[in-house]
1. Using +1 at the Cβ of each Lys and Arg and -1 at the Cβ of each Asp and Glu in the stretch 1-90, identify which of Tyr37, His83, Val56 lies farthest towards the dipole's positive end.
2. Using unit Cβ charges (K, R positive; D, E negative) and no other charged atoms, how large, in debye to the nearest 20, is the dipole of the chain about its Cα centre?
3. Sequence-distant or interchain residues sharing an amide H contact under 5 Å with Val48, placed H: which?
4. Specify, per residue and in Å³, the volume enclosed by the convex hull of the alpha carbon atoms belonging to the stretch 1-66.
5. Dividing the convex hull volume of the Cα atoms of the chain by its residue count, what figure in Å³ per residue is obtained?
6. Taking only protein heavy atoms into account and a 1.4 Å probe, give the accessible area per residue of the chain in Å².
7. Provide the percentage of antiparallel DSSP beta bridges, counting only those with both residues in the chain; round to the nearest 5.
8. Just the C-alpha atoms of the stretch 51-117: what Rg/Rh do they give, with Rh taken as the Kirkwood radius?
Amino acid sequence: QVQLVESGGGLVQAGGSLRLSCAASGTITGFNSMGWYRQAPGKQRELVADLTTNDVATYADSVKGRFTISRDIAKNTVSLQMHSLKPEDTGLYSCNLWLNWGKNIYWGQGTQVTVAS
């Protein structure tokens, strides 16, 4: 059984930086994608960024140029470096693993990011 454990997050002033990390345990083989989604109060969950095993990254338009996603495939970890944070970046950030061409999708518990203005 795959489990995702996130770390990082917290409270930061606008313009500040945070780093989120996620570690996956269990057997993970083949093509897959790991990434981050976020959900703000009263809004739907949205993709922030993800990165495939063949190194293709996708970013939400709102974070391009400010956030950088990276992976250590051997260690099954993914990180999200966030700079120039804005109040609208506030939300619950959840780690995601997309496996077996979507047949298996796993989520972490989520970590709160709050950006104060």
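The values are calculated or read from the model by the stated rules, or taken from the named source; none is laboratory data. Model, not experiment: these values are computed from the prediction. Quick reminder, even Gly has a Cβ in these numbers, built from the backbone with ideal geometry, and neighbours come from all protein chains shown. In case anyone asks, the SASA skips ligands and DNA or RNA and just uses the protein heavy atoms, side chains included. Shrake-Rupley method; radii C 1.70, N 1.55, O 1.52, S 1.80 Å.
1. His83
2. Values: 10 positive and 8 negative charges, 11 e Å.
Charge dipole of the chain: 60 debye, to the nearest 20.
3. Distant-sequence amide H within range of Val48: Trp36, Tyr37, Arg38.
4. Numbers: hull volume 8.2 nm³, N = 66.
Dividing the Cα hull volume of the stretch 1-66 by its residue count gives 124 Å³.
5. Values: hull volume 11.1 nm³, N = 117.
It is 95 Å³ per residue.
6. Numbers: 6260 Å² over 117 residues.
I get 54 Å² per residue for the chain.
7. On the way: 41 of 45 bridges.
Once the DSSP bridges in the chain are tallied, antiparallel ones form about 90 percent.
8. Details: Rg = 13.2 Å, Rh = 13.4 Å.
Here Rg/Rh amounts to 0.98.
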